[in-house]
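The values are calculated or read from the model by the stated rules, or taken from the named source; none is laboratory data. Quantities reported herein were computed from a predicted structural model and do not represent experimental measurements. In this analysis, Cβ positions are derived from the backbone assuming ideal geometry, glycine residues included, and neighbour counts consider all displayed protein chains. These accessible areas exclude ligands, DNA and RNA; they are computed on the full protein's heavy atoms, side chains included. Shrake-Rupley method; radii C 1.70, N 1.55, O 1.52, S 1.80 Å.
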Amino acid sequence: MKESKKTQLERLKRGDGKAFEAVYREHVGRVYGFLLSLLHDKFAAEDLTQNVFLKVWERRAGIDPDGHFEAYLFTIARHMLARESERRLKEECLKEALQACEDRTDDSAVQFVEVESLREYINILVEQFPPSRKQVFLLSRVHHLTNREIARRLSVSEKTVETHLYRALRFLKDKLNENNR
């Protein structure tokens with residue numbers, strides 16, 4: 001006699017491996033088909049299908065035998081698909097960025113020299129700052145502290161930090177603009 005879905009899910013919830021196998025066999029084809037139809041990649045669809053059922057096993061204690069199990073299953077599949085799509089998009093963006101970098105490698109030596117030269121010039125300009133402005137600027141731009149962290153460290157107000165940074169950046173911008181004329 002075939003057991004009811006509710007009984008099967010109750011057994012799965014208690015950690016019964018045979019109940020899990022039965023649930024897997026009953027739903028694996030539909031989950032795989034769903035993922036394949038959206039991914040158009042057999043290997044990725046197979047991998048995600050396995051991960052969906054792994055997640056079901058890991059979260060079996062939270063299964064509601066009276067609930068709509070298929071909706072639960074496909075919600076997991078949709079979330080994994082969204083994460084996979086996001087991962088693929090990031091990977092594609094990274095590939096494009098790397099390709100753009102490769103396309104610019106011809107100019108990289110020249111750019112490196114220009115960047116180093118600019119960095120040295122900025123360091124010379126920073127040395128001209130009053131001591132407190134220089135300290136705030138370095139904490140912000142070199143040590144990457146927030147304005148609040150700088151204010152606390154130096155026992156000054158955040159407004160003072162903002163003023164120092166504004167004046168430092170204004171000075172640098174003016175000096176750099178003078179050189180480009």
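General observations
- Test result for ILE124, modelled with pLDDT of 90 or more and either over 26 Å from the mean Cα position of the chain (by Cα) or within 30 Å of LEU9 (Cβ to Cβ) (or both): no
- All positions within the stretch 149-177 that are outside any helix (DSSP H, G or I) and surrounded by 15 or more Cβ atoms within 10 Å (Cβ to Cβ): VAL156
- Number of the condition not met by ASP47 [criteria: (1) without any contact (Cβ under 8 Å) to a residue 40 or more places away in the chain; (2) closer than 30 Å to ASP174 by Cα; (3) open to solvent by 40 Å² or more (accessible area, probe 1.4 Å)]: (2)
- Residue check for LEU145: open to solvent by less than 70 Å² (accessible area, probe 1.4 Å) and in a helix (DSSP H, G or I): no
- Of the residues examined, GLU70 is not one that is among the charged types (D, E, K, R), open to solvent by 50 Å² or more (accessible area, probe 1.4 Å) and either touching a residue at least 12 places away in the same chain (Cβ under 8 Å) or part of a helix (DSSP H, G or I) (or both).
- Condition met for ASP41 (within 15 Å of ARG88 (Cβ to Cβ), charged (D, E, K, R) and open to solvent by less than 80 Å² (accessible area, probe 1.4 Å)): yes
- Residue in the stretch 57-72 that is basic (Lys, Arg) and out of contact with any helix residue (DSSP H, G or I) (no Cβ under 7 Å at 6 or more places or on another chain) present: yes
- The condition (being in a helix (DSSP H, G or I) and farther than 30 Å from VAL52 by Cβ) is satisfied by just one residue among PHE112, PHE129: PHE112.
- Condition check for ARG119: touching an Asp or Glu at 6+ places or on another chain (Cβ under 7 Å), assigned to a helix (DSSP H, G or I) and loosely packed, with under 11 Cβ neighbours inside 10 Å: no
- HIS79 being loosely packed, with under 15 Cβ neighbours inside 10 Å and on the phi > 0 side of the Ramachandran plot: no
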